[in-house]
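Participant: Got a structure for you, questions after.
The values are calculated or read from the model by the stated rules, or taken from the named source; none is laboratory data. For clarity, every value in this text was computed on a predicted model and none was experimentally measured. Positions of Cβ are backbone-derived with ideal geometry, glycine not excepted, and every protein chain shown enters the neighbour counts.
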Amino acid sequence: MSAMTEQSGGPTLPQRRRLVTDIPGPRSRELMARKRAAVADGVGTVMPVFAARAGGGVVEDVDGNSLIDFGSGIAVTGVGNSAEAVVRRASAQLARFTHTCAMVTPYESYVAVCEELARLTPGDHAKKSILLNSGAEAVENAVKIARYHTGRQAIVVFDHGYHGRTNLTMALTSKSMPYKHGFGPFAPEIYRMPMAYPYRWPTGPENCAEEAAAQVIDQIGKQVGAANTAAIVIEPVLGEGGFIVPARGFLPTLAAFAKENGIVLVADEIQSGFCRTGQWFACEDEGIVPDLITTAKGIAGGLPLAAVTGRTEIMDAAHVGGLGGTYGGNPVACEAALGAIETMRELDLPAKARRIEEIIKPRLLTMAEKHPVIGDVRGRGAMLALELVKPGTKDPDPAATATLAGACHRAGLIVLTTGTYGNVLRFLPPLVIGEDLLNEGLDILQDALSRL
């Protein structure tokens, strides 16, 4: 990876960490004061640093500090910020028109994105898509479609799952604070099942897949009834719940159960999709072919776009006019998505994600051997995490997690915390990051662990 990355319309952005002030610097502190005065307090901030430019594997702040990016805007900028093809195609579209509404006068790029999704998503069956603005919209529409297609109402979701912040997707989401607390009542007919969480399974990881799947199937039968279940909605690798990789065998058993009972299997690939786990989609790891797949985040190189893609007979179930939205599939975002997919293919970003795992995971495992605060190392590709616990136990240690993240931030490394218990440090670097930056970021993490 070059030490410089091209930025459209401006000079190259050096691919190095550089600290010229404390983190946050004076300009960021000034802007944070303005934010507190003008922006609702409910909009949180992970790192009180204001961005000025970004590209490759770095974010440059308004004080001139250059920070190593292990967050990718929460798995959005997998192709990097201002990727050449994204900027070129989106800029050209801006000059043509910004909006007509795809439901009024459609445009080719909307169709082209749907054609790409049909090619890229798992399965060789006939597929169609709808385009939307956000991951929550995608999940909500997947539920609408599944209910219409089956004529059923019940939706099955899982412990530690996260699906969005709208009323329905809050109901689907497992964690209360900060996502659901105080915002109820929530949508009905949502049923939560155990997740095959290997690190925390009571009888050990070797029994996790079989026992968890048996519990889920039993509970659906007792509490819901398979004949009443419209959809099973699951993240193939859980995101906000703590980067949990379900025990192998769990997802195939659920997929078989869904197929046997006419239940729509919805794979929520909003955080795990588009090359992030070393494959185009995480469900490919165990050969899962979902009936519907929801995507967003990495789909358009940083522009807001989301999709539901699925079997034609399911996607076509809803009446004309029942699906859509004013901004869904905005033409600028569609062109950005085509540019992002072009970049993913040209640079073989699934392979780059696997290479990132080859660099990061062994070092995390070595850190775990030295630091008993690390209870688990997990993830795939460029979606990796540490779960922190009180040494000698499996008791979550969110305080240590926050301290570790803060130390990384002050040293110029952007990292994110996550997890139901707030005790997981997650790593989501851009898939185009240079290996030197990866290793430097890991050096910062190692140093912060040593001082923890």
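Participant: For the range 28-65, give me each residue that is surrounded by fewer than 22 Cβ atoms within 10 Å (Cβ to Cβ) and touching a Leu at 6+ places or on another chain (Cβ under 8 Å).
Facilitator: Correct list: VAL46, PHE50, ARG53, GLU60, VAL62.
Participant: In the range 356-415, how many residues are under 24 Å from MET47 (Cβ atoms), in a helix (DSSP H, G or I) and not charged (D, E, K, R)?
Facilitator: Selection size over the range 356-415: 17.
Participant: A further question on this structure: If we scan the range 422-440, do we find a residue that is assigned to a helix (DSSP H, G or I) and touching a Leu at 6+ places or on another chain (Cβ under 9 Å)?
Facilitator: The answer is yes; a qualifying residue exists.
Participant: Do we have any residue at all in the range 255-262 that's at pLDDT 95 or above and touching a Phe, Trp or Tyr at 6+ places or on another chain (Cβ under 7 Å)?
Facilitator: As a first pass, look at the range 255-262 and keep what is at pLDDT 95 or above: 255-262.
Narrowing the set further to residues that are touching a Phe, Trp or Tyr at 6+ places or on another chain (Cβ under 7 Å) leaves none.
No, the range 255-262 contains no residue that is at pLDDT 95 or above and touching a Phe, Trp or Tyr at 6+ places or on another chain (Cβ under 7 Å).
Participant: Go through the range 220-259 and count every residue that is part of a helix (DSSP H, G or I) and in contact (Cβ under 8 Å) with a residue 12 or more places away in the chain.
Facilitator: Summing the residues that are part of a helix (DSSP H, G or I) and in contact (Cβ under 8 Å) with a residue 12 or more places away in the chain in the range 220-259 gives 14.
Participant: Please indicate, with yes or no, whether at least one residue in the range 210-232 is modelled with pLDDT of 95 or more and touching a Leu at 6+ places or on another chain (Cβ under 6 Å). Break it down into steps so the answer makes sense when it comes.
Facilitator: Step one: of the range 210-232, the residues modelled with pLDDT of 95 or more are 210-232.
The next check asks that each one be touching a Leu at 6+ places or on another chain (Cβ under 6 Å); those that pass are 232.
Yes, because at least one residue in the range 210-232 is modelled with pLDDT of 95 or more and touching a Leu at 6+ places or on another chain (Cβ under 6 Å).
Participant: Here's something else I'd like to know. Would the range 155-165 turn up any residue that is outside any loop (DSSP other than H, G, I, E, B), among the hydrophobic types (A, V, I, L, M, F, W, C) and without any contact (Cβ under 8 Å) to a residue 24 or more places away in the chain? Give the derivation first.
Facilitator: Of all residues in the range 155-165, those outside any loop (DSSP other than H, G, I, E, B) come to 155-158.
If we keep only those that are among the hydrophobic types (A, V, I, L, M, F, W, C) too, we end up with 155-158.
Checking the rest, the ones that are also without any contact (Cβ under 8 Å) to a residue 24 or more places away in the chain come to none.
No; the residues of the range 155-165 include none that is outside any loop (DSSP other than H, G, I, E, B), among the hydrophobic types (A, V, I, L, M, F, W, C) and without any contact (Cβ under 8 Å) to a residue 24 or more places away in the chain.
Participant: Give the residue, chosen from TYR179, TYR148, that is outside any loop (DSSP other than H, G, I, E, B) and surrounded by fewer than 19 Cβ atoms within 10 Å (Cβ to Cβ).
Facilitator: Going through TYR179, TYR148 in turn, the sole match is TYR148.
Participant: Another question about this same structure. Is it the case that the range 194-209 has a residue that's crowded, with 18+ Cβ neighbours inside 10 Å, acidic (Asp, Glu) and modelled with pLDDT of 95 or more?
Facilitator: No: the range 194-209 contains no residue that is crowded, with 18+ Cβ neighbours inside 10 Å, acidic (Asp, Glu) and modelled with pLDDT of 95 or more.
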